[in-house]
Amino acid sequence: MAFDVDISPMSIDRLRAVLSPDQIEAFDRGAEEARELLGGRVVWNVNSTARGGGVVELLQPLVAYARGAGVDARWVVIEGPAEFFELTKRIHNRLHGVEGDGPLDDSARRLYELVLQHNLDELAERVREGDVVIVHDPQPSGMIEALAARGASVVWRCHIGLDLPNEITRETWDFLLPYVRHADAYVFSRESFAWEGLDRDRIVVIPPSIDPFAPKNEELSPNTVRDVLRASGLISDGDDPGPVTFERQDGTPGRVERRAHLTEERPLGPDDPVVLQVSRWDALKDPLGVIRGFAEHVAPATGAHLVYAGPDVEAVADDPEGARMLREARALYAELPAEQRARMHLATLPMDDLEENAIIVNALQRHARVVVQKSLAEGFGLTVSEAMWKGRPVVASRIGGIQDQIVHGESGLLLDDPTDLAAYGAAVTELLNDPARATAIGERARERVRERFLSARSLLDYLALMRKLVRAPDAVAADASVVKQAVAHPGAAGR
């Protein structure tokens, strides 16, 4: 059955410290409008996991800030058996153009609908006429029609995208379209991701964002970075850092006390230069290509070490492929020559406490000389904005929303072909060997995130959409151009 995720309100005032005066003015007016517009209504968010992945990292701050602004925002997670999540992972892969482990046939549809009906039985009774429901990604999309029948305005938010869909992608659209079409609006991360077969006038583009004050992004001193990495076992210098504490999003103290599980020949030293990729253990993130490309093209030309850090696969309920991908990464690592293995570290990070996990990732990103996101497919890639916000130079694939975040040569380096391991190695080596250029790119990267990819912008983007939905769902099609203009120019949303 579906369950609620408990999210404490966060004051929107904290965002003032990182916004420009114009951004602050627009945000203040937007917050006041949101309280008036959504008073007496609930804004529901529905997805399939409360642990791990970009959707979770988006939802946590947006729901918390909305609550802090006086909006009754809630987050509900659907549940299901393992075979349901195996099916939805197949759907996920197929939406990226990869065939996956089986067809989307009548038996798949029966399983999909049965599990969602079990979740819907409870949730539908709680949704009232006039509420707004944001359904995230394919897993819960089969609930849209029933939630709309309750009189709610329903938004389908698709975080998955592919620049050039193939036949497998279109077959998967056909499987999901009977459910998705019932939404009043369809939100994608970029225009090119919008599906064929949807009402074009109901499509809205809202890029994802990061919270600059989340444990994953908050400022850390160099000493704190080193202590966090030592406490989690990611680096070793023989000293015990003692208790390492951090501030949780609700203001209470947290402690780094769990250790990462590492596949390595020797511990990483505190002064070893690090190339980092943080990703789920997913073939589309290309961990095998990251490892092989580093071994063949970076290790011989530099003294750097590779850290590939992903979640503890036992803790991510909606990604059953993670354990298999991790085994393949470890097998590839074991086949490498000893001198290359000595410069590689495969880390599974603890997920028992998500904010502890986030502070560890934060420290890793700040410690890295170069951050990589060499995905083969990517809806947006929050880890890119996270690293950019920390002033890190990023080497990433020119795919999906990554190419919206990075201006090649200015705020990062883009790989035209993510399968070209030599080009990947050359880009990383270039930044490692030219620290001045790497620093300049990192500084410009941080300002680009400030301008375009912080939580304040997303909140205004969703307000621009809800302004039309709450007034009258049928008006979405007529006013879609206005919504899109507000999203493209968020400063106007509060004026």
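Being open to solvent by less than 10 Å² (accessible area, probe 1.4 Å), touching a residue at least 12 places away in the same chain (Cβ under 8 Å), outside any helix (DSSP H, G or I) and not aromatic (Phe, Trp, Tyr) is a property that holds for VAL307.
The number of residues in region 22-47 being more than 21 Å from ILE210 (Cβ to Cβ) and of a type outside the set (Asp, Glu) comes to 10.
Residues of region 181-193 that are assigned to a loop (DSSP other than H, G, I, E, B), open to solvent by less than 10 Å² (accessible area, probe 1.4 Å) and within 21 Å of GLY54 (Cα to Cα): SER189 alone. Scanning region 214-272 for residues that are more than 21 Å from GLU386 (Cα to Cα), open to solvent by 90 Å² or more (accessible area, probe 1.4 Å) and either in contact with a helix residue (DSSP H, G or I) (Cβ under 8 Å, 6 or more places away or on another chain) or in a loop (DSSP other than H, G, I, E, B) (or both) turns up ASP239, ASP240, PRO243, ARG255, GLU257, ARG259, GLU265, ARG266, ASP271. Restricted to helices (runs of 4 or more DSSP H) entirely inside region 313-417, those with at least 3 residues that are at negative phi and crowded, with 23+ Cβ neighbours inside 10 Å are 354-367, 382-389.
Of the set (1) at pLDDT 95 or above; (2) more than 28 Å from LEU465 (Cβ to Cβ), all apply to GLU99 but (1).
Only residues that are free of Cβ contacts under 8 Å to residues at least 40 places away in the same chain and buried (at least 18 other Cβ atoms within 10 Å of the Cβ): list them for region 418-443, please. Of everything in region 418-443, just one residue is free of Cβ contacts under 8 Å to residues at least 40 places away in the same chain and buried (at least 18 other Cβ atoms within 10 Å of the Cβ), namely ALA427.
Residues in region 151-180 that are farther than 22 Å from LEU284 by Cβ, assigned to a loop (DSSP other than H, G, I, E, B) and in contact with a Leu (Cβ under 7 Å, 6 or more places away or on another chain): 0 in all.
If the condition is being under 17 Å from GLU57 (Cβ atoms) and modelled with pLDDT of 95 or more, then region 371-382 contributes VAL371, GLN373, SER375.
The C-beta contact set for region 178-205 (first residue without any contact (Cβ under 8 Å) to a residue 40 or more places away in the chain, second residue assigned to a loop (DSSP other than H, G, I, E, B) and not hydroxyl-bearing (Ser, Thr, Tyr), distance under 6 angstrom, 6+ apart or interchain) comprises TYR186/LEU198; PHE188/ALA194; SER192/ASP163.
The values are calculated or read from the model by the stated rules, or taken from the named source; none is laboratory data. All figures in this text were calculated on a predicted structure; none of them were measured in a lab. Heads up, the Cβs are rebuilt from the backbone with ideal geometry, glycines too, and the neighbour counts pull from every protein chain shown. With ligands, DNA and RNA removed, areas are computed over all heavy atoms of the protein, side chains included. Shrake-Rupley method; radii C 1.70, N 1.55, O 1.52, S 1.80 Å.
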